[in-house]
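Working notes for the structure below.
All of the numbers you see were taken from the coordinates with simple rules; none came from a lab. In this text the structure is predicted, and so the values were computed from the model without any measurement. So basically every Cβ, Gly included, is an ideal-geometry build from the backbone, and we count neighbours across all protein chains shown.
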Amino acid sequence: MKRGKTPTLTEASEHPGQAAIAVSCTQLGAGYTASRAKRIIDEWIELLSNPTPLVGLQFTTRTPKRLFAALAGQPRLTRLVVKWGDYADLSPMGSMTQMRHLELRGASVVTDLRPLATLTNLELFALEGFRTIQDPSPLGSMRNVTDLEIGGAWMTPRNGHIANIGFVRELQALEQVLLHTLVVDDLDYSPLLDLPKLRSVRAMKVRGMQPSASRGDERRSSPVVTGRGYRGESGERIVVSFIAQHRAESDASRDQLAW
């Protein structure tokens, strides 16, 4: 089956050498015996553990950690999307220095981001589903990122916690930020004001956050604030949507203002 121009494959034998594929090799249903389902995963592990022509890869079903670990054999990847899985060790990403687009979703057991520090060419980065990130500083090396998404488990929903977002001051190319089902533990969202190219932010409203989600925030006396909203250091207005949870689109579910 094909999804757009990218083929979606179930078995590794269906891969004759395409540069970009989607893989649906788990959650196969009653049509597959347990032994055949295991063999299918084993065959993908064998294939991905060795060099291939792949530069684009998407996992559309659960990604077991042993399958994720096999990605260490694919340093040429420039685009990787993982829907969900029990992967925790991100070290297979360390050699993917040409990566431009990385989505790590359903990352419920990820806690250590240090292996991502080598991904300096990323332009889009998404990490969601995690519970707690104590040290987000490795993300500060992603200086070419223009689109950033960080959040907890929006489908549950369960808030994720991140110690701080001070690292975004290093991401001077950022244009869009989505912080959904996420609590920044030090409640300091002001690093977003230091980004010269930032145009829009969607963030979950958190009690005590600074700058405040309240339209009557006393920080309007700050030198970076003009009129009814906030301006970044470049003088450009930053449009912010405060959302109840990820993908809440109705006006009733969010409060907008310009930082």
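Taking amide hydrogens as placed 1.01 Å from N in the peptide plane, the amide H of residue 241 sits under 5 Å from those of 201, 202, 203, each at least 5 positions away in sequence or on another chain. Reducing segment 1-72 and segment 127-159 to their Cα centroids gives an inter-centroid distance of 25 Å. Summarising the amide proton neighbourhood of residue 85: residues at separation of 5 or more, or on other chains, whose placed amide H is nearer than 5 Å comprise 63, 108. Database remark: amide H of residue 158 closer than 5 angstrom to the amide H of 153 (H placed geometrically; neighbours at sequence offset of 5 or more, or on other chains; Pro and chain starts carry no H).
Once you list every other residue whose beta carbon is under 10 Å from the beta carbon of residue 137, what net charge do they have if Lys and Arg are +1 and Asp and Glu are -1?
-1
Once C-alpha pairs closer than 8 Å and six or more residues apart are averaged by separation and normalised to the residue number of segment 122-210, the relative contact order reads 27 percent.
Would you mind calculating the relative contact order of segment 1-72 from Cα pairs under 8 angstrom and at least 6 residues apart, reporting the percent as a whole number? Please report the intermediate quantities before stating the final value.
Numbers: 85 pairs, mean separation 25.4, N = 72.
RCO, segment 1-72: 35 percent.
Dipole magnitude for segment 133-205: about 240 debye, using +1 per Lys or Arg Cβ and -1 per Asp or Glu Cβ, origin at the Cα centre.
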